[in-house]
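Step one of this worksheet: look at the structure below.
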Amino acid sequence: MTGLETIASGPMWAGFVGFVLVMLALDLFVFGGNKAHKVSVKEAGIWSLVWVSMALAFNGGLWWYLNGTVGAEIADQKALEFFSGYLIEKALSVDNVFVFLLIFTAFQVPQQYQRRVLIYGVLGAIVMRAVMISAGAWVVSEFSWVLYIFGAFLLYTGMRMLVAVDQEPDVANNPVLRFARKHLKVSEEDHGEKFFVTKAGVRYVTPLFLVLILIEVTDLIFAVDSIPAIFAITTDPFIVFTSNMFAILGLRALYFLLVDVADRFHLLKYGLAMVLTFIGAKMLIMPWYHVPVQASLTVVAVLIAGSCIASLIVTRKGGAKQARSE
């Protein structure tokens, strides 16, 4: 990733990767992320606050370091890029939550097993995002015109989401699931939190492992949207990587925080679709007009907040109308 300018030194990269590995190890072996456990809304809220606080603290530390080494102007710019990228990634990860909920519901996965699936899903997502960001950074550094392809793709994706926002994916007939059932030995019985079982000397995968496959594929699909979106904000590989990682690390807590209220934010998908459409258009008009990062941050925040507020208003009116009819 040396083809693109970055504010990060080798020790900064090593330090952040070390931080991610330590946090994952703590989650798996200290806080029981690899064990079956039903996550309460309170626990999910606390962990969501922890991850957001860590992201903001990291941004503050990055600003402080850059302010002392390269000056206030670059420090302000990079801190704003990180915050904008983190907000976009965090917002787009909400769409992951809706699809995860559909998958778990379709497979009737008890909530105490969902936590274990998601922690391994996060591990896979981190590896995939790292590879895709590295590849994306190299492509952008070698062929800068690819940013316009990213823009066209995001514009198309956003408009397609607006048209098909109410269509739910058919999980049961997913081609990935059909492929897995055809090529893997699947034990259809309930095996709790296990991904693999052995029967009569033959190793089988469990339905929970099929759920894990779908979770990983879902994140891969969403990464195809979200990674080009952040390249619209910054082409600094360190900012792209760190903002992505913080959003991914907080994804599991966000899921359990929203799982019981997801239906109240049914208009949020329209907001996310408009975010992608805006970012795609922003990338396409770059030769003629460069949209400042501050303006992008404002537009994204307004679209997300507006769709959330509209969802709550519509839901409240619908509930009041139903109460009156009863």
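The values are calculated or read from the model by the stated rules, or taken from the named source; none is laboratory data. Only a predicted model underlies this, so the values are computations on that prediction, with no experimental measurement involved. Cβ sites come from the backbone with ideal geometry, for glycine too, and all protein chains shown count toward neighbours. Surface accessibility is based on the protein's heavy atoms, side chains included, excluding ligands, DNA and RNA. Shrake-Rupley method; radii C 1.70, N 1.55, O 1.52, S 1.80 Å.
Whether any residue in the stretch 278-285 is open to solvent by 30 Å² or more (accessible area, probe 1.4 Å) and over 13 Å from residue 156 (Cα atoms) is what I want to check. The answer is yes, given that some residue of the stretch 278-285 is open to solvent by 30 Å² or more (accessible area, probe 1.4 Å) and over 13 Å from residue 156 (Cα atoms).
Can you tell me which of 83, 58, 107, 100 is open to solvent by less than 20 Å² (accessible area, probe 1.4 Å) and not hydroxyl-bearing (Ser, Thr, Tyr)?
Unique residue meeting the criteria: 100.
Here residue 51 fits the description: within 30 Å of residue 193 (Cβ to Cβ) and at pLDDT 90 or above.
Residues checked against (1) over 10 Å from the mean Cα position of the chain (by Cα); (2) farther than 22 Å from residue 96 by Cα:
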site	(1), (2)
199	yes, yes
203	yes, yes
206	yes, yes
219	no, no
230	yes, no
234	yes, yes
242	yes, no
248	no, no
253	yes, no
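Given the criteria of a type outside the set (D, E, K, R) and either over 30 Å from residue 117 (Cα atoms) or modelled with pLDDT under 85 (or both), does residue 3 qualify? Criteria met by residue 3.
Only one of the listed residues (144, 134) is over 26 Å from residue 208 (Cβ atoms) and not in a helix (DSSP H, G or I). That residue is 144. For the stretch 262-300, residues that are aliphatic (A, V, I, L, M), outside any helix (DSSP H, G or I) and without any contact (Cβ under 8 Å) to a residue 12 or more places away in the chain total 2. Listed by first and then second residue, the pairs with beta-carbon distance under 6 Å, at least 6 apart or on different chains, first residue in the stretch 187-215 and of a type in the set (D, E, K, R), second assigned to a loop (DSSP other than H, G, I, E, B) and surrounded by 11 or more Cβ atoms within 10 Å (Cβ to Cβ), are 193/36; 194/206. The residue of the stretch 61-72 that is least open to solvent (accessible area, probe 1.4 Å), among those that are in a helix (DSSP H, G or I) and modelled with pLDDT under 90, is 72.
Screening 180, 223, 229 for residues that are within 30 Å of residue 287 (Cβ to Cβ), small (Gly, Ala, Ser), surrounded by 17 or more Cβ atoms within 10 Å (Cβ to Cβ) and in contact with a Phe, Trp or Tyr (Cβ under 9 Å, 6 or more places away or on another chain) leaves exactly one candidate, 229. Taking the condition assigned to a loop (DSSP other than H, G, I, E, B) and at pLDDT 80 or above, does residue 109 pass? Yes: the conditions hold for residue 109. Does residue 101 qualify as being in contact with a Pro (Cβ under 7 Å, 6 or more places away or on another chain) and touching a residue at least 40 places away in the same chain (Cβ under 8 Å)? Spelling it out, it is not the case that residue 101 is in contact with a Pro (Cβ under 7 Å, 6 or more places away or on another chain) and touching a residue at least 40 places away in the same chain (Cβ under 8 Å). Per this entry, residue 164 is not counted among residues that are farther than 29 Å from residue 192 by Cβ, surrounded by fewer than 20 Cβ atoms within 10 Å (Cβ to Cβ) and in contact with a Leu (Cβ under 8 Å, 6 or more places away or on another chain). Filtering 153, 195 for residues that are among the hydrophobic types (A, V, I, L, M, F, W, C) and open to solvent by 70 Å² or more (accessible area, probe 1.4 Å) leaves a single hit, 153.
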